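The next block holds one structure in the form of structure tokens; read it before the comments.
The values are calculated or read from the model by the stated rules, or taken from the named source; none is laboratory data. In this text, all values refer to a predicted model and were calculated from it rather than measured experimentally. For neighbour counting, all protein chains shown are included, and Cβ atoms are generated from backbone atoms with ideal geometry for every residue, glycine included. Calculation scope for accessible area: heavy atoms of the full protein, side chains included, ligands and nucleic acids excluded. Shrake-Rupley method; radii C 1.70, N 1.55, O 1.52, S 1.80 Å.
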Amino acid sequence: MPCLPLKRFKSRRLTLSPESDCARDSSSLLATDHNRGRYIKPMFDFWQSLLAALERIAMLPSLIQSVFPSLPSRKHVRDAVRTYERTMDDLLREVQRLLEAPLEPAKLLHMSGKLQEQFTPKLQASDICMLPSYNHKLPSGLEQGTYLALDVGGSTFRVAIVELNGKGQSAKSMRIVNMKSYKIDNPVRHLQGNAFFDWMAEKIETAISDPQVKQINGTASLPMGLAWSFPVDQTSIRTGNLLAMGKGFRATEGTLGQDLSELIMTPCRKRNLPVHMESIVNDSSATLLSRAYEDPSTRFAVILGTGFNIAAHLPVSALATSKYKGYPQKWMNEASHVLVNTELSMFGKNVFPTTRWDEQLNESHVRPDFQPFEHMISGRYLGELVRLIIVEGVRTAGLFSGEIPDKLTEPYSLETGTLAAMEMDETKNHTNAIALFQSRHPLSKPPTYNDIQFVRQVSQLVSHRAAAFLAAGIHSLWNLRITSEGLTPTTAGRLAIGCNGSVIEKYPLFRDLCQSHLDELTTASGAEPNSISLEVAVESAIFGAAVAVCCLEE
């Protein structure tokens, strides 16, 4: 790709070249008052040296000011005489070189191949990635019915009545008839054991008591599909053992290892609710199923928001038989394909080239090397990578006049959403971006246009690299699929990918950049142009939970 245009930034150095206007003015002034200059400069040098010595032995600025009240304040002296190791232009060029160098198609294809090498042992034996589910059927798009969809996330519990209408011309193929949303705040997170599932049953009862719902379903029992955004050891399509939820939830206290389906259904039965659990899916499988209902060529789903994962629909034979330990023989006889939770975030160590900022992030992480792919592309970490570059820019290149913005010394204090909003600012002088940054990370004086332009361009470089690396990851799974299906790039046909998550859906140009790199990689591999398409899956958890149920119906 062409180089990102670099905005010329003012150097924060006051070292003047002999040809500069300031140097000429200074020479003239000294020539007209040679004697005064002869005394002033040595005196200034003396005070400057003394001030530097005092600072080196860690004396307080206030003490310096009290002893030498006639000297300028420390900040003013800093602004007047401080020099930096480099200019902001120099640093920006280095950032650009390091982040764009790996993005050539040949290098991305090499990374894709290295990822496939990492897949091989995990497809044979691993209990943390390349995990088969019990979902093996994809929807035809013709299924019809009314379902109760549950979506349990980190901050919200949603209950919805979903209608699947098939591909008729008279109505939308999927429709949310009625939906209730309930906040999961700290008091709810702190509900212990069964109390949390009692709370869920109470909200389900409230939702289905709505007159509109009663009118649609009458007294018939509603089939429920659950999208569960937490770990679960699934034991069948509709059952799974509860695992630690994290994020402050106490629902597992006294219930850890128990069947999630029964934990929900027991309080529902006590309330005589006309519902029954039919399916449990994770968020990536739900996204794939919801998109497949509308586009039958869907075989992958990408979740890229705060975290990262990909679900893939693969032949059962792509995974070792040991991966299906405990699966019923009936399932094994019926299934030709299976939805696989790849946990792709855990791959990529020694595959993706890293910079010193990537290494700083990894070394300071509570679990270094656990999710190397996620560290380079997800919303949790994009802001942190930019923060690390900003801190270096302040200290070595005079960004923000050498002042660290408020809170930016704290890890993960710069949100990826802030960067996205700054990138979207189309005002002539970045007025909105300046105001936003100053409101969230105040400086003693507002940042300049050049400061904010630097941050914006660094953000663009970091997010572009993330989009390209995601394309390499998708390409590696695409190759795995066509190989295991006995296909070639020329015979593989079109493949759609359902997409969900704040980064891939909303970050400026992210999905477009990823699509562009995917097009390059697939055509370089011998496929037809536009062989892979990234498609946003709207309300994927809710629709996917409903579709998972309809796939079970004959």
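Could you check what % of the DSSP bridge pairs in segment 120-278 are antiparallel, to the nearest 5? Antiparallel: roughly 75 percent of the beta bridges in segment 120-278. A Förster radius of 60 Å combined with the Cβ-Cβ distance from Asn333 to Ser413 puts the calculated FRET efficiency at roughly 0.65.
Per 0.36 nm of contour for each residue apart, how much would the distance between Ala421 and Ala101 grow if the chain were fully extended, relative to their Cα-Cα spacing?
So the extension gain works out to 112.6 nm.
Within straight-line reach of Lys122, meaning a Cα separation under 15 Å, sit the following aspartates and glutamates at least 8 residues removed in sequence or on another chain: Glu343.
Between segment 124-160 and segment 166-244, the alpha-carbon centres lie 12 Å apart. The length gained on full extension between Glu535 and Glu262, counted as 0.36 nm times the residue separation minus their Cα-Cα distance, comes to 94.8 nm.
With a ≥ b ≥ c the root eigenvalues of the C-alpha gyration tensor of segment 377-444, is it rounded (a/c under 1.5), prolate (a/b larger than b/c) or oblate?
oblate
Distance from the Cα centroid of segment 439-517 to that of segment 322-358 is 21 Å (rounded to whole angstrom). Note on Arg93 and Thr523: with the Förster distance fixed at 35 Å, the Cβ-Cβ geometry gives a FRET efficiency of about 0.70. Positive contributions from Lys and Arg (+1) and negative ones from Asp and Glu (-1), summed over other residues with Cβ under 11 Å from the Cβ of Phe308, come out at -1.
Students often get this wrong, so check it: of Lys203/Lys270; Lys107/Lys349; Lys183/Lys270; Lys107/Lys506; Lys407/Lys445; Lys167/Lys506, which have C-alpha atoms separated by over 21 Å?
The answer is Lys183/Lys270; Lys107/Lys506; Lys167/Lys506.
Annotation: aspartates and glutamates with alpha-carbon distance below 14 angstrom to Lys137 (same-chain offsets under eight excluded): Glu334, Glu553, Glu554. Protein heavy-atom accessible surface, 1.4 Å probe, per residue over segment 370-432: 37 Å². For segment 282-351, the spread of Cα coordinates along the three principal axes comes to 38, 36, 18 Å, biggest extent given first.
Seen from Ser173, the other residues with C-beta closer than 9 Å to its C-beta sum to a net charge of +2, counting Lys and Arg as +1 and Asp and Glu as -1. For segment 355-425, the relative contact order works out to 29 percent when only alpha carbon pairs closer than 8 Å and six or more residues apart are counted.
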